[in-house]
Amino acid sequence: MSLEKPHILILAAGQGKRMHSKLPKVLHPVLFHPMLHHVLDLSFSLPHASISVVVGHGRDQVIQACKKYSQIQFFHQEEQKGTAHAVGVAKDFLKTVKGHVLILSGDVCLLQKESLEDLINFHFNNQQALTFLTAHLPEPKGYGRIVRNEKGTILAIREEADASLSEKKITEINAGIYCFEIKSLLDALENIQAANQQNEYYLTDAVSYLIENKNKVEGLSLSEPTEIHGVNDREALHWAEKVLQKRTNERLMREGVTLHLSETILIDPHCKLAPDVEIGPGTQISQSRLERGVVIEGFCKIHACHLEEGAHIKQGSYLEGSLVGKEAKVGPYAHLRPESKLSRGVKIGNFVEIKKSTIGEDSKASHLSYIGDAEVGKNVNIGCGFITCNFDGKNKHKTVIEDEVFVGSDTQAVAPLTIGKGSYVASGTTLTKNVPPDSLALSRVKQENKEGYSKRLRKVD
Ligand code: UD1
Ligand code: CA
(Lines give C-alpha, C1' and ligand atoms only; values in the text may rest on other atoms or scores of the structure.)
(Ligands and ions follow the chains in the order given, each with its own letter.)
Protein backbone atom coordinates (compact mmCIF):
# COMPACT_ATOMS: atom_id res chain seq x y z
CA MET A 1 0.00 0.00 0.00
CA SER A 2 1.22 3.44 -0.87
CA LEU A 3 2.32 5.71 1.94
CA GLU A 4 0.13 8.50 0.65
CA LYS A 5 -3.35 8.61 2.15
CA PRO A 6 -6.24 9.75 -0.02
CA HIS A 7 -9.15 11.86 1.14
CA ILE A 8 -12.41 9.94 0.79
CA LEU A 9 -15.61 11.54 -0.50
CA ILE A 10 -18.88 9.58 -0.51
CA LEU A 11 -21.74 10.75 -2.71
CA ALA A 12 -25.04 10.24 -0.94
CA ALA A 13 -27.30 13.18 -1.80
CA GLY A 14 -29.53 11.53 -4.39
CA GLN A 15 -33.17 10.81 -3.67
CA GLY A 16 -33.23 7.31 -5.07
CA LYS A 17 -36.56 7.80 -6.90
CA ARG A 18 -36.66 4.19 -8.05
CA MET A 19 -36.93 3.00 -4.43
CA HIS A 20 -40.39 4.68 -4.04
CA SER A 21 -39.60 5.32 -0.40
CA LYS A 22 -39.78 8.06 2.21
CA LEU A 23 -36.48 6.80 3.60
CA PRO A 24 -33.41 8.23 1.82
CA LYS A 25 -31.99 5.49 -0.38
CA VAL A 26 -28.60 5.24 1.36
CA LEU A 27 -30.34 4.51 4.68
CA HIS A 28 -32.10 1.38 3.44
CA PRO A 29 -30.63 -1.53 5.38
CA VAL A 30 -28.64 -4.30 3.76
CA LEU A 31 -28.01 -7.11 6.22
CA PHE A 32 -28.98 -5.01 9.30
CA HIS A 33 -26.94 -1.89 8.42
CA PRO A 34 -27.83 1.10 6.25
CA MET A 35 -26.09 0.90 2.87
CA LEU A 36 -24.13 4.02 3.75
CA HIS A 37 -22.72 2.39 6.90
CA HIS A 38 -21.23 -0.40 4.81
CA VAL A 39 -19.52 2.23 2.65
CA LEU A 40 -18.35 4.15 5.74
CA ASP A 41 -17.01 1.00 7.43
CA LEU A 42 -15.07 0.20 4.29
CA SER A 43 -13.75 3.78 4.14
CA PHE A 44 -12.54 3.65 7.74
CA SER A 45 -10.77 0.34 7.04
CA LEU A 46 -8.59 2.07 4.42
CA PRO A 47 -5.74 4.48 5.09
CA HIS A 48 -7.31 7.92 4.66
CA ALA A 49 -6.56 11.58 5.23
CA SER A 50 -10.23 12.45 5.84
CA ILE A 51 -13.72 11.09 5.18
CA SER A 52 -16.60 13.26 3.96
CA VAL A 53 -20.14 12.60 2.80
CA VAL A 54 -22.17 14.71 0.38
CA VAL A 55 -25.74 14.82 1.66
CA GLY A 56 -28.85 16.43 0.23
CA HIS A 57 -32.06 14.49 0.03
CA GLY A 58 -33.13 13.64 3.59
CA ARG A 59 -30.01 15.39 4.85
CA ASP A 60 -30.92 15.57 8.55
CA GLN A 61 -31.98 11.93 8.61
CA VAL A 62 -28.76 10.84 6.94
CA ILE A 63 -26.58 12.91 9.30
CA GLN A 64 -28.49 11.57 12.31
CA ALA A 65 -28.05 7.99 11.10
CA CYS A 66 -24.28 8.52 10.85
CA LYS A 67 -23.83 9.90 14.37
CA LYS A 68 -21.64 7.02 15.52
CA TYR A 69 -19.02 7.99 12.93
CA SER A 70 -17.79 11.03 14.81
CA GLN A 71 -14.90 11.96 12.52
CA ILE A 72 -16.75 12.48 9.26
CA GLN A 73 -17.66 15.83 7.78
CA PHE A 74 -20.72 16.55 5.68
CA PHE A 75 -21.16 18.72 2.62
CA HIS A 76 -24.59 19.87 1.65
CA GLN A 77 -25.83 19.65 -1.92
CA GLU A 78 -28.94 21.80 -1.89
CA GLU A 79 -30.24 20.69 -5.27
CA GLN A 80 -29.18 17.44 -6.90
CA LYS A 81 -27.82 18.42 -10.28
CA GLY A 82 -25.65 15.39 -10.94
CA THR A 83 -22.57 13.61 -9.68
CA ALA A 84 -20.07 16.30 -10.78
CA HIS A 85 -22.22 18.94 -9.09
CA ALA A 86 -22.22 16.75 -5.94
CA VAL A 87 -18.42 16.63 -5.89
CA GLY A 88 -18.46 20.37 -6.60
CA VAL A 89 -20.04 21.17 -3.23
CA ALA A 90 -16.82 19.94 -1.61
CA LYS A 91 -14.72 22.14 -3.91
CA ASP A 92 -13.69 24.69 -1.29
CA PHE A 93 -12.50 21.92 1.00
CA LEU A 94 -10.65 20.13 -1.81
CA LYS A 95 -8.88 23.37 -2.72
CA THR A 96 -7.40 23.55 0.75
CA VAL A 97 -6.06 19.99 0.83
CA LYS A 98 -3.39 18.48 -1.34
CA GLY A 99 -3.09 15.04 -2.82
CA HIS A 100 -5.74 12.67 -4.02
CA VAL A 101 -9.38 11.86 -3.41
CA LEU A 102 -11.15 8.55 -3.58
CA ILE A 103 -14.78 9.07 -4.61
CA LEU A 104 -17.27 6.40 -3.55
CA SER A 105 -21.00 6.10 -4.00
CA GLY A 106 -23.37 5.63 -1.05
CA ASP A 107 -25.36 3.09 -3.05
CA VAL A 108 -22.43 0.86 -4.08
CA CYS A 109 -22.26 -1.05 -0.82
CA LEU A 110 -20.77 -4.41 -1.79
CA LEU A 111 -17.28 -3.21 -2.59
CA GLN A 112 -14.41 -5.02 -0.90
CA LYS A 113 -11.31 -3.57 0.64
CA GLU A 114 -8.90 -5.44 -1.68
CA SER A 115 -10.47 -3.91 -4.79
CA LEU A 116 -10.08 -0.38 -3.45
CA GLU A 117 -6.53 -1.13 -2.35
CA ASP A 118 -5.73 -2.29 -5.90
CA LEU A 119 -7.29 0.88 -7.28
CA ILE A 120 -5.36 3.16 -4.93
CA ASN A 121 -2.07 1.32 -5.44
CA PHE A 122 -2.38 1.44 -9.19
CA HIS A 123 -3.28 5.12 -9.03
CA PHE A 124 -0.30 6.11 -6.89
CA ASN A 125 2.26 3.76 -8.46
CA ASN A 126 1.48 5.06 -11.95
CA GLN A 127 1.02 8.69 -10.90
CA GLN A 128 -2.39 8.84 -12.51
CA ALA A 129 -4.61 11.89 -12.78
CA LEU A 130 -7.61 9.57 -12.63
CA THR A 131 -8.11 5.84 -12.10
CA PHE A 132 -11.58 4.32 -11.89
CA LEU A 133 -13.14 0.89 -11.58
CA THR A 134 -14.91 -0.85 -14.43
CA ALA A 135 -16.51 -4.27 -14.81
CA HIS A 136 -17.87 -6.46 -17.55
CA LEU A 137 -21.57 -7.13 -17.05
CA PRO A 138 -23.64 -9.34 -19.34
CA GLU A 139 -26.57 -6.99 -18.61
CA PRO A 140 -25.06 -3.51 -18.53
CA LYS A 141 -28.37 -1.63 -18.68
CA GLY A 142 -28.51 1.48 -16.55
CA TYR A 143 -24.76 1.90 -16.16
CA GLY A 144 -22.39 4.28 -17.91
CA ARG A 145 -20.50 2.46 -20.70
CA ILE A 146 -16.75 2.57 -21.20
CA VAL A 147 -16.01 3.77 -24.72
CA ARG A 148 -12.61 2.61 -26.02
CA ASN A 149 -10.93 3.00 -29.42
CA GLU A 150 -9.88 0.05 -31.56
CA LYS A 151 -6.56 -0.13 -29.66
CA GLY A 152 -8.45 -0.48 -26.41
CA THR A 153 -7.57 3.00 -25.11
CA ILE A 154 -10.30 4.67 -23.09
CA LEU A 155 -11.94 7.66 -24.75
CA ALA A 156 -14.97 8.44 -22.58
CA ILE A 157 -17.79 7.17 -20.36
CA ARG A 158 -21.19 7.38 -21.99
CA GLU A 159 -24.30 7.38 -19.78
CA GLU A 160 -27.15 5.09 -20.80
CA ALA A 161 -29.44 8.05 -21.54
CA ASP A 162 -26.95 9.52 -23.99
CA ALA A 163 -25.63 6.33 -25.54
CA SER A 164 -26.10 5.42 -29.20
CA LEU A 165 -27.46 1.99 -30.07
CA SER A 166 -23.97 0.64 -30.69
CA GLU A 167 -22.67 2.17 -27.43
CA LYS A 168 -25.50 0.52 -25.52
CA LYS A 169 -24.11 -2.82 -26.67
CA ILE A 170 -20.84 -2.20 -24.79
CA THR A 171 -20.71 -4.50 -21.78
CA GLU A 172 -17.87 -2.80 -19.91
CA ILE A 173 -19.44 -0.42 -17.41
CA ASN A 174 -18.40 2.35 -15.02
CA ALA A 175 -18.63 1.35 -11.35
CA GLY A 176 -18.82 4.96 -10.15
CA ILE A 177 -15.65 4.58 -8.02
CA TYR A 178 -12.83 6.98 -8.80
CA CYS A 179 -9.43 7.99 -7.54
CA PHE A 180 -8.55 11.53 -8.66
CA GLU A 181 -5.54 13.72 -8.26
CA ILE A 182 -7.29 16.67 -6.63
CA LYS A 183 -5.73 19.29 -8.94
CA SER A 184 -6.94 17.44 -12.05
CA LEU A 185 -10.37 16.91 -10.55
CA LEU A 186 -10.81 20.61 -9.77
CA ASP A 187 -9.71 21.47 -13.29
CA ALA A 188 -12.23 19.03 -14.79
CA LEU A 189 -15.07 20.28 -12.56
CA GLU A 190 -14.55 23.81 -13.95
CA ASN A 191 -15.12 22.47 -17.45
CA ILE A 192 -17.97 19.96 -17.14
CA GLN A 193 -21.21 21.12 -18.77
CA ALA A 194 -24.73 19.80 -18.28
CA ALA A 195 -25.11 19.35 -22.05
CA ASN A 196 -26.78 15.94 -22.03
CA GLN A 197 -30.15 14.22 -22.07
CA GLN A 198 -30.61 14.57 -18.31
CA ASN A 199 -29.29 18.14 -18.04
CA GLU A 200 -27.03 16.96 -15.26
CA TYR A 201 -23.39 17.63 -14.46
CA TYR A 202 -21.84 14.21 -14.96
CA LEU A 203 -18.68 13.34 -13.06
CA THR A 204 -18.12 10.77 -15.79
CA ASP A 205 -17.38 13.62 -18.21
CA ALA A 206 -14.12 14.19 -16.30
CA VAL A 207 -12.79 11.14 -18.13
CA SER A 208 -12.93 12.55 -21.67
CA TYR A 209 -11.94 16.02 -20.46
CA LEU A 210 -8.78 14.80 -18.74
CA ILE A 211 -7.85 12.51 -21.64
CA GLU A 212 -8.26 15.33 -24.14
CA ASN A 213 -5.97 17.44 -21.97
CA LYS A 214 -3.27 14.78 -21.96
CA ASN A 215 -3.68 13.56 -18.41
CA LYS A 216 -3.10 9.97 -17.37
CA VAL A 217 -6.48 8.23 -17.08
CA GLU A 218 -7.07 4.51 -16.68
CA GLY A 219 -9.97 2.20 -15.99
CA LEU A 220 -9.23 -0.90 -13.92
CA SER A 221 -11.46 -3.85 -14.64
CA LEU A 222 -12.64 -5.85 -11.63
CA SER A 223 -12.56 -9.60 -11.93
CA GLU A 224 -15.47 -9.98 -9.50
CA PRO A 225 -18.22 -7.74 -10.93
CA THR A 226 -20.80 -8.49 -8.21
CA GLU A 227 -18.96 -5.98 -6.02
CA ILE A 228 -19.82 -2.94 -8.03
CA HIS A 229 -23.59 -3.31 -8.23
CA GLY A 230 -25.29 -0.06 -7.39
CA VAL A 231 -28.57 -0.30 -5.48
CA ASN A 232 -31.15 1.78 -7.36
CA ASP A 233 -34.36 -0.16 -6.66
CA ARG A 234 -35.79 -2.76 -4.27
CA GLU A 235 -34.84 -5.68 -6.48
CA ALA A 236 -31.22 -4.57 -6.40
CA LEU A 237 -31.53 -4.12 -2.63
CA HIS A 238 -32.69 -7.72 -2.30
CA TRP A 239 -29.88 -8.86 -4.55
CA ALA A 240 -27.25 -6.90 -2.59
CA GLU A 241 -28.46 -8.40 0.68
CA LYS A 242 -28.18 -11.90 -0.76
CA VAL A 243 -24.62 -11.25 -1.92
CA LEU A 244 -23.59 -9.89 1.46
CA GLN A 245 -25.36 -12.73 3.29
CA LYS A 246 -23.52 -15.33 1.21
CA ARG A 247 -20.21 -13.57 1.72
CA THR A 248 -20.70 -13.36 5.50
CA ASN A 249 -22.00 -16.91 5.93
CA GLU A 250 -19.25 -18.44 3.83
CA ARG A 251 -16.62 -16.63 5.91
CA LEU A 252 -18.24 -17.89 9.14
CA MET A 253 -18.33 -21.46 7.84
CA ARG A 254 -14.64 -21.21 6.93
CA GLU A 255 -14.03 -20.05 10.51
CA GLY A 256 -15.73 -23.15 11.95
CA VAL A 257 -19.40 -22.24 12.37
CA THR A 258 -22.09 -24.71 11.26
CA LEU A 259 -25.04 -23.13 9.44
CA HIS A 260 -27.98 -25.37 8.59
CA LEU A 261 -29.58 -24.16 5.36
CA SER A 262 -27.25 -21.19 5.29
CA GLU A 263 -29.29 -19.33 2.65
CA THR A 264 -32.12 -18.87 5.20
CA ILE A 265 -29.85 -17.44 7.93
CA LEU A 266 -29.09 -13.73 8.26
CA ILE A 267 -26.05 -12.81 10.34
CA ASP A 268 -24.82 -9.26 10.76
CA PRO A 269 -21.23 -9.17 9.45
CA HIS A 270 -20.13 -7.42 12.68
CA CYS A 271 -21.20 -10.34 14.92
CA LYS A 272 -18.52 -12.42 16.58
CA LEU A 273 -19.13 -16.17 16.38
CA ALA A 274 -16.64 -18.66 17.82
CA PRO A 275 -15.85 -22.03 16.21
CA ASP A 276 -18.33 -24.83 16.91
CA VAL A 277 -21.30 -22.50 17.05
CA GLU A 278 -24.26 -24.18 15.35
CA ILE A 279 -27.20 -22.28 13.90
CA GLY A 280 -30.49 -23.61 12.59
CA PRO A 281 -32.56 -22.36 9.62
CA GLY A 282 -34.54 -19.13 9.54
CA THR A 283 -32.47 -17.44 12.25
CA GLN A 284 -31.42 -13.78 12.39
CA ILE A 285 -28.50 -12.59 14.51
CA SER A 286 -27.35 -8.99 14.84
CA GLN A 287 -24.87 -7.09 17.04
CA SER A 288 -24.15 -10.20 19.08
CA ARG A 289 -21.33 -12.33 20.36
CA LEU A 290 -21.63 -16.13 20.51
CA GLU A 291 -18.99 -18.16 22.32
CA ARG A 292 -17.79 -21.66 21.48
CA GLY A 293 -20.36 -24.43 21.33
CA VAL A 294 -23.45 -22.20 21.38
CA VAL A 295 -26.40 -23.85 19.64
CA ILE A 296 -29.26 -21.83 18.18
CA GLU A 297 -32.10 -23.95 16.90
CA GLY A 298 -34.20 -22.69 14.01
CA PHE A 299 -36.32 -19.55 13.64
CA CYS A 300 -34.75 -17.50 16.43
CA LYS A 301 -34.08 -13.77 16.47
CA ILE A 302 -31.08 -12.63 18.48
CA HIS A 303 -30.15 -8.97 18.76
CA ALA A 304 -27.44 -7.30 20.88
CA CYS A 305 -26.83 -10.40 23.02
CA HIS A 306 -23.84 -12.17 24.48
CA LEU A 307 -24.25 -15.95 24.60
CA GLU A 308 -21.59 -17.72 26.64
CA GLU A 309 -20.04 -21.10 25.98
CA GLY A 310 -22.44 -23.95 25.42
CA ALA A 311 -25.62 -21.88 25.74
CA HIS A 312 -28.51 -23.54 23.94
CA ILE A 313 -31.33 -21.49 22.44
CA LYS A 314 -34.27 -23.60 21.35
CA GLN A 315 -36.56 -23.01 18.42
CA GLY A 316 -38.57 -19.84 17.98
CA SER A 317 -36.96 -17.77 20.73
CA TYR A 318 -36.54 -13.99 20.59
CA LEU A 319 -33.62 -12.51 22.54
CA GLU A 320 -32.67 -8.84 22.74
CA GLY A 321 -30.03 -7.02 24.78
CA SER A 322 -29.43 -10.01 27.06
CA LEU A 323 -26.65 -12.12 28.49
CA VAL A 324 -27.06 -15.90 28.49
CA GLY A 325 -24.56 -17.68 30.73
CA LYS A 326 -22.61 -20.88 30.13
CA GLU A 327 -24.68 -24.00 29.46
CA ALA A 328 -27.93 -22.08 30.01
CA LYS A 329 -31.00 -23.26 28.08
CA VAL A 330 -33.64 -20.94 26.66
CA GLY A 331 -36.88 -21.82 24.87
CA PRO A 332 -38.51 -23.14 22.81
CA TYR A 333 -40.55 -19.95 22.23
CA ALA A 334 -39.05 -17.85 25.01
CA HIS A 335 -38.60 -14.08 25.02
CA LEU A 336 -35.65 -12.35 26.67
CA ARG A 337 -36.15 -8.59 26.68
CA PRO A 338 -33.36 -6.05 27.21
CA GLU A 339 -31.18 -6.20 30.34
CA SER A 340 -31.91 -9.80 31.16
CA LYS A 341 -28.99 -11.69 32.62
CA LEU A 342 -29.10 -15.46 32.91
CA SER A 343 -26.27 -17.04 34.90
CA ARG A 344 -24.60 -20.36 34.25
CA GLY A 345 -26.92 -23.37 33.93
CA VAL A 346 -30.19 -21.40 34.07
CA LYS A 347 -33.17 -22.97 32.35
CA ILE A 348 -35.86 -20.81 30.79
CA GLY A 349 -38.60 -22.83 29.16
CA ASN A 350 -41.44 -22.32 26.72
CA PHE A 351 -43.56 -19.17 26.77
CA VAL A 352 -41.50 -17.49 29.46
CA GLU A 353 -40.82 -13.76 29.13
CA ILE A 354 -37.96 -12.19 31.07
CA LYS A 355 -37.41 -8.44 31.23
CA LYS A 356 -34.65 -6.49 32.99
CA SER A 357 -34.02 -9.31 35.44
CA THR A 358 -31.10 -11.28 36.77
CA ILE A 359 -31.49 -15.03 37.21
CA GLY A 360 -28.92 -16.80 39.41
CA GLU A 361 -27.02 -20.01 38.72
CA ASP A 362 -29.01 -23.19 38.04
CA SER A 363 -32.39 -21.51 38.60
CA LYS A 364 -35.33 -22.62 36.48
CA ALA A 365 -38.50 -21.11 35.09
CA SER A 366 -39.64 -23.85 32.79
CA HIS A 367 -43.12 -22.86 31.66
CA LEU A 368 -45.41 -19.89 31.01
CA SER A 369 -44.10 -17.07 33.20
CA TYR A 370 -43.47 -13.35 33.19
CA ILE A 371 -40.45 -12.24 35.19
CA GLY A 372 -39.88 -8.47 35.03
CA ASP A 373 -37.66 -6.16 37.13
CA ALA A 374 -36.66 -9.11 39.29
CA GLU A 375 -33.55 -10.36 40.99
CA VAL A 376 -33.68 -14.12 41.27
CA GLY A 377 -31.03 -16.00 43.30
CA LYS A 378 -29.39 -19.39 42.84
CA ASN A 379 -31.16 -22.74 42.65
CA VAL A 380 -34.60 -21.17 42.56
CA ASN A 381 -37.43 -23.18 41.05
CA ILE A 382 -40.22 -21.14 39.53
CA GLY A 383 -43.33 -23.12 38.74
CA CYS A 384 -45.65 -22.87 35.78
CA GLY A 385 -47.60 -19.63 35.43
CA PHE A 386 -45.72 -17.41 37.90
CA ILE A 387 -46.09 -13.68 37.24
CA THR A 388 -44.28 -10.69 38.68
CA CYS A 389 -46.86 -7.91 38.87
CA ASN A 390 -44.17 -5.27 38.44
CA PHE A 391 -46.20 -2.34 37.14
CA ASP A 392 -48.87 -0.45 39.09
CA GLY A 393 -49.92 1.66 36.13
CA LYS A 394 -47.40 4.38 36.96
CA ASN A 395 -44.19 2.87 38.25
CA LYS A 396 -42.19 -0.31 37.93
CA HIS A 397 -41.34 -2.21 41.13
CA LYS A 398 -38.78 -4.83 41.97
CA THR A 399 -39.24 -8.44 43.02
CA VAL A 400 -36.39 -10.18 44.86
CA ILE A 401 -36.40 -13.97 45.05
CA GLU A 402 -33.52 -15.20 47.19
CA ASP A 403 -31.50 -18.43 46.81
CA GLU A 404 -33.16 -21.87 47.09
CA VAL A 405 -36.74 -20.54 46.92
CA PHE A 406 -39.44 -22.80 45.50
CA VAL A 407 -42.29 -20.91 43.82
CA GLY A 408 -45.38 -23.05 43.18
CA SER A 409 -47.47 -22.89 40.02
CA ASP A 410 -50.03 -20.19 39.27
CA THR A 411 -48.62 -17.61 41.67
CA GLN A 412 -48.26 -13.87 41.47
CA ALA A 413 -45.87 -11.53 43.25
CA VAL A 414 -47.30 -8.03 43.57
CA ALA A 415 -44.08 -6.00 43.67
CA PRO A 416 -42.23 -4.55 45.47
CA LEU A 417 -41.48 -7.54 47.66
CA THR A 418 -38.83 -10.04 48.68
CA ILE A 419 -39.21 -13.80 49.00
CA GLY A 420 -36.64 -14.80 51.62
CA LYS A 421 -34.02 -17.50 51.17
CA GLY A 422 -35.23 -21.09 51.22
CA SER A 423 -38.93 -20.19 51.33
CA TYR A 424 -41.76 -22.09 49.71
CA VAL A 425 -44.64 -20.34 47.96
CA ALA A 426 -47.70 -22.55 47.69
CA SER A 427 -49.48 -22.97 44.36
CA GLY A 428 -52.20 -20.45 43.64
CA THR A 429 -50.79 -17.83 46.00
CA THR A 430 -50.96 -14.11 45.40
CA LEU A 431 -48.08 -12.56 47.32
CA THR A 432 -48.59 -8.97 48.43
CA LYS A 433 -45.92 -8.70 51.12
CA ASN A 434 -42.43 -9.95 51.96
CA VAL A 435 -41.90 -13.59 52.83
CA PRO A 436 -39.30 -14.16 55.62
CA PRO A 437 -36.59 -16.78 54.95
CA ASP A 438 -37.50 -20.46 55.32
CA SER A 439 -41.26 -19.78 55.45
CA LEU A 440 -44.25 -21.23 53.67
CA ALA A 441 -46.37 -18.51 52.09
CA LEU A 442 -49.91 -19.31 51.06
CA SER A 443 -52.93 -17.15 50.33
CA ARG A 444 -55.56 -19.56 49.21
CA VAL A 445 -59.29 -19.61 49.79
CA LYS A 446 -60.12 -22.85 51.67
CA GLN A 447 -61.51 -25.54 49.40
CA GLU A 448 -65.11 -26.50 49.92
CA ASN A 449 -66.68 -29.64 48.39
CA LYS A 450 -70.46 -29.71 48.01
CA GLU A 451 -71.24 -33.35 47.47
CA GLY A 452 -73.81 -34.26 44.82
CA TYR A 453 -74.10 -30.62 43.72
CA SER A 454 -72.97 -31.16 40.15
CA LYS A 455 -75.62 -33.80 39.60
CA ARG A 456 -78.27 -31.26 40.68
CA LEU A 457 -76.88 -28.69 38.23
CA ARG A 458 -77.10 -31.19 35.39
CA LYS A 459 -80.78 -31.85 36.19
CA VAL A 460 -81.64 -28.12 35.86
CA ASP A 461 -80.49 -28.31 32.19
C1 UD1 B 1 -23.61 6.68 -11.91
C2 UD1 B 1 -22.65 6.98 -13.05
C3 UD1 B 1 -22.63 5.80 -14.02
C4 UD1 B 1 -22.24 4.54 -13.26
C5 UD1 B 1 -23.12 4.32 -12.03
C6 UD1 B 1 -22.53 3.21 -11.17
C7 UD1 B 1 -22.74 9.39 -13.43
C8 UD1 B 1 -23.26 10.48 -14.32
N9 UD1 B 1 -23.08 8.16 -13.77
O10 UD1 B 1 -24.91 6.53 -12.47
O11 UD1 B 1 -21.69 6.01 -15.06
O12 UD1 B 1 -22.32 3.42 -14.14
O13 UD1 B 1 -23.18 5.51 -11.22
O14 UD1 B 1 -23.34 2.89 -10.08
O15 UD1 B 1 -22.01 9.68 -12.52
N16 UD1 B 1 -25.60 11.70 -6.22
C17 UD1 B 1 -25.49 12.87 -5.50
N18 UD1 B 1 -25.91 14.04 -6.05
C19 UD1 B 1 -26.45 14.11 -7.30
C20 UD1 B 1 -26.56 12.91 -8.03
C21 UD1 B 1 -26.12 11.72 -7.47
O22 UD1 B 1 -25.01 12.87 -4.36
O23 UD1 B 1 -26.81 15.22 -7.73
C24 UD1 B 1 -25.14 10.45 -5.61
C25 UD1 B 1 -26.26 9.45 -5.40
O26 UD1 B 1 -26.84 9.60 -4.13
C27 UD1 B 1 -25.53 8.13 -5.56
C28 UD1 B 1 -24.36 8.45 -6.48
O29 UD1 B 1 -24.21 9.85 -6.46
O30 UD1 B 1 -25.02 7.68 -4.31
C31 UD1 B 1 -24.61 7.98 -7.92
O32 UD1 B 1 -25.76 8.62 -8.40
P33 UD1 B 1 -26.90 7.87 -9.22
O34 UD1 B 1 -27.97 8.83 -9.55
O35 UD1 B 1 -27.26 6.61 -8.55
O36 UD1 B 1 -26.07 7.59 -10.55
P37 UD1 B 1 -26.29 6.43 -11.58
O38 UD1 B 1 -27.40 6.80 -12.50
O39 UD1 B 1 -26.38 5.14 -10.91
CA1 CA C 1 -26.61 4.41 -8.72
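Among (1) in contact (Cβ under 8 Å) with a residue 60 or more places away in the chain; (2) touching a Phe, Trp or Tyr at 6+ places or on another chain (Cβ under 6 Å); (3) open to solvent by less than 50 Å² (accessible area, probe 1.4 Å), there is one condition E4 misses while meeting the rest; what is its number?
Failing condition for E4: (3).
Filtering region 390-443 down to residues that are closer than 15 Å to S363 by Cα and aromatic (F, W, Y), which residue is least open to solvent (accessible area, probe 1.4 Å)?
Selected residue: F406.
Looking only at region 235-246, decide whether some residue is within 20 Å of K113 (Cβ to Cβ) and within 16 Å of ligand 1 (Cβ to nearest atom).
Yes; the residues of region 235-246 include at least one that is within 20 Å of K113 (Cβ to Cβ) and within 16 Å of ligand 1 (Cβ to nearest atom).
Return a yes/no flag: does region 73-90 have any residue that is within 16 Å of ligand 2 (Cβ to nearest atom), under 18 Å from V207 (Cβ atoms), modelled with pLDDT of 95 or more and open to solvent by 20 Å² or more (accessible area, probe 1.4 Å).
Yes, the conditions are met somewhere in region 73-90.
Out of everything in region 1-44 that is of a type in the set (D, E, K, R) and under 19 Å from G99 (Cα atoms), what residue ends up being nearest to ligand 2 (Cβ to nearest atom)?
The qualifying residue nearest to ligand 2 (Cβ to nearest atom) is K5.
Has region 228-238 got at least one residue that is closer than 27 Å to E4 by Cα and touching a strand residue (DSSP E or B) at 6+ places or on another chain (Cβ under 6 Å)?
So far as region 228-238 goes, yes, one or more of its residues are closer than 27 Å to E4 by Cα and touching a strand residue (DSSP E or B) at 6+ places or on another chain (Cβ under 6 Å).
Filter region 86-101 down to the residues that are within 30 Å of L244 (Cβ to Cβ) and out of contact with any Leu (no Cβ under 7 Å at 6 or more places or on another chain), then identify the one that is farthest from ligand 1 (Cβ to nearest atom).
By that ranking, first place goes to H100.
Can F44 be described as open to solvent by 10 Å² or more (accessible area, probe 1.4 Å) and free of Cβ contacts under 8 Å to residues at least 24 places away in the same chain?
Criteria not met by F44.
Give the residues of region 101-130 that are of a type outside the set (A, V, I, L, M, F, W, C), surrounded by 23 or more Cβ atoms within 10 Å (Cβ to Cβ) and under 31 Å from the mean Cα position of the chain (by Cα), sorted by residue number.
Result: S105, G106, D107.
How many of the residues in region 199-216 are open to solvent by 90 Å² or more (accessible area, probe 1.4 Å) and either within 12 Å of ligand 1 (Cβ to nearest atom) or within 19 Å of I103 (Cβ to Cβ) (or both)?
The number of residues fulfilling the criteria is 2.
Take the residues in region 172-191 that are β-branched (V, I, T) and in contact with a Lys or Arg (Cβ under 8 Å, 6 or more places away or on another chain), then tell me which one is nearest to ligand 2 (Cβ to nearest atom).
Once the filter is applied, the top-ranked residue is I173.
Tell me yes or no: at least one residue of region 239-254 is within 16 Å of ligand 2 (Cβ to nearest atom) and either modelled with pLDDT under 95 or open to solvent by 70 Å² or more (accessible area, probe 1.4 Å) (or both).
Yes, region 239-254 contains a residue that is within 16 Å of ligand 2 (Cβ to nearest atom) and either modelled with pLDDT under 95 or open to solvent by 70 Å² or more (accessible area, probe 1.4 Å) (or both).
Taking strands (runs of 3 or more DSSP E) that do not extend beyond region 132-248, which have at least 2 residues that are closer than 28 Å to P34 by Cα?
172-181, 217-221
The values are calculated or read from the model by the stated rules, or taken from the named source; none is laboratory data. Note that the structure is a prediction, hence the values are computed from the model and not measured. Here Cβ is always computed from backbone atoms with ideal geometry, including for glycine, and neighbour counts include all displayed protein chains. Please note that ligands, DNA and RNA were not included when accessible areas were found on the heavy atoms of the full protein model with its side chains. Shrake-Rupley method; radii C 1.70, N 1.55, O 1.52, S 1.80 Å.
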